[in-house]
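Taking it in order: structure first as structure tokens, then the write-up.
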Amino acid sequence: MAEIKVPELGESVTEGTIAEWLKKPGDKVEQGENIAELETDKVNVEIPSEKTGVLQELLKEEGDNVEVGEVIAVVDENGEAGGGSSEEKSSEEAAPEKESEEKQEASKEPAADKSEEGTKEESKEESPADRPVASPSVRKYAREQGIDLNEVSGSDPKGRVRKEDVDNEVKGSSKKEEKQPEKPAAKSEKDEFEGKPVERVKMSRRRQTIASRLKEVQQETAMLTTFNEVDMSAIMDLRKRRKDTFQEQHDVRLGFMSFFTKGVIAALKKYPLLNAEIQATEVIKKQFYDIGMAVSTDDGLVVPVVRDADRKTFAEIEQEIMDLSLKARDNKLTLKDLQGGTFTITNGGVFGSLLSTPILNAPQVGILGMHTIQWRPVAIDQDTMENRPMMYTALSYDHRIVDGKEAVSFLVTLKQLLEDPENLLLEG
């Protein structure tokens, strides 16, 4: 028998939640074949089988929390798909012979020896991992009832614990519970919402982590947001003229993100405190530019990182953003894709957001929010008005080390670079 354990998940990740079993008991599994999907705080990880054989037993249910190194399943290396383990089969085949032998022994030995023999036989019937034999549904039911399966005797001839056995154990312990003082009953869901229909859905591990960290940011930082607007006319004109040639040469679409990434890097070089972080009483000024790109997925917001973005071309940035976005939506991001990052860009404009205040991605001290492009009348001079494609930008920053003057100047610099793409090319 081989035990399947939760593997090392990466630095600072010590536990996860069983999101889905990819195999069921009785299925044939090959060495290296994935049998379960584990959800962690950051990414989903697939757990492979270390041995070839038959998946005999699942020790955890979907939704259960597990720690690194914990046993979650058992694989029988000698089993056959669709059947029980080799040990179970051999015991079943030998059953008739054992019965005849037991009858002969019973006629020769005193009655007192029978009880000893039965005790020995019971002691042999143990699970491969010295655990009570029970299906995942029975294990889950026992947990819900607060019953330890080790204290339940199975009525099945093979020693398996059934749901009825758990019920019997619950009835047996009911007398003890009656002696304890009753707690006041919690207000039922029906009463709480005055009988109106509701649906309770457990938050995913990732959503719980997102909620916790966003709250920590608000409590532990002095976050402030400043705003500006950018005339996108020049960039839109450049994209219109160059997008076909760009895509033919680089096999990737020329989007807005590469312009903003290059503009942010140029502004960070001018105002380096926005590319820093606080550690105790020290400020760590980072002299590299790993830019996080916030991506929305069905499971929540993730922030994969474009490494050394200052050394990449527009095409390389666009390609990497596209690759990371696809990996995020397919749950294929690795921990390495998400670790680090010196500054973050989030684009709520793709969903139609006109203005928002982005929350810092700790321990970073700056995040830029992009918004939807909207045609608005703009005063060109005292006598002239023109309709221009305008975008509001928002910079949230940690006021503990970044002053308002620096934050406003950062946005002004970014605005000037974006409104003059040739200048952006030189500065970036």
Residue check, Lys269 against (1) surrounded by fewer than 19 Cβ atoms within 10 Å (Cβ to Cβ); (2) farther than 28 Å from Met236 by Cα, all met but one. Which one? (2)
Can you tell me which residue within region 378-428, out of those that are of a type in the set (Gly, Ala, Ser) and modelled with pLDDT under 95, is nearest to Ile345 (Cα to Cα)? Gly428
So if I check each of Glu37, Glu33, Glu57, which one is farther than 12 Å from Lys5 by Cα and crowded, with 20+ Cβ neighbours inside 10 Å? Glu57
Return yes or no: is Asp310 at negative phi and surrounded by fewer than 20 Cβ atoms within 10 Å (Cβ to Cβ)? yes
I need every pair where a residue in region 305-329 that is free of Cβ contacts under 8 Å to residues at least 40 places away in the same chain has its Cβ under 7 Å from the Cβ of a residue that is polar (S, T, N, Q), sequence separation at least 6 or different chains. Ala328/Thr297; Arg329/Thr297
Go over the candidates Gly369, Gly340, Gly404, Gly348 one by one and state the one that is touching a helix residue (DSSP H, G or I) at 6+ places or on another chain (Cβ under 9 Å), assigned by TED's automatic domain parsing to the domain that holds Lys262 and in contact (Cβ under 8 Å) with a residue 12 or more places away in the chain. Gly369
State the number of residues belonging to region 325-340 that are crowded, with 21+ Cβ neighbours inside 10 Å and closer than 30 Å to Glu422 by Cα. 0
Please work out if Pro128 is surrounded by 18 or more Cβ atoms within 10 Å (Cβ to Cβ), at pLDDT below 75 and part of a loop (DSSP other than H, G, I, E, B). no
For the condition closer than 15 Å to Leu335 by Cβ and either at pLDDT 85 or above or not small (Gly, Ala, Ser) (or both), what is the one hit in Asp64, Asp41, Asp27? Asp41
One residue from Glu61, Glu39 being touching a Pro at 6+ places or on another chain (Cβ under 7 Å), touching a residue at least 40 places away in the same chain (Cβ under 8 Å) and at negative phi: Glu61
I'd like the residue in region 251-298 that is under 24 Å from Lys405 (Cα atoms) and of a type in the set (S, T, N, Q) and, out of all such residues, is farthest from the chain's Cα centre (by Cα). Thr281
Within the set of pairs 6 or more residues apart or between chains, which connect a residue that is closer than 19 Å to Gly263 by Cβ inside region 216-243 to a residue that is part of a loop (DSSP other than H, G, I, E, B) with Cβ atoms less than 6 Å apart? Thr225/Thr357; Asp231/Glu419; Met232/Ile373; Ala234/Glu419; Arg239/Leu254; Lys243/Leu254
Among the residues of region 279-303, write down those that are in a strand (DSSP E or B) and either of a type in the set (Lys, Arg) or not assigned by TED's automatic domain parsing to the domain that holds Ser325 (or both). Lys285
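The values are calculated or read from the model by the stated rules, or taken from the named source; none is laboratory data. Remember, it's a predicted structure, so these values are computed and weren't measured experimentally. Using ideal geometry, Cβ is built from the backbone for each residue, glycine included, and neighbour counts are taken over all protein chains shown.
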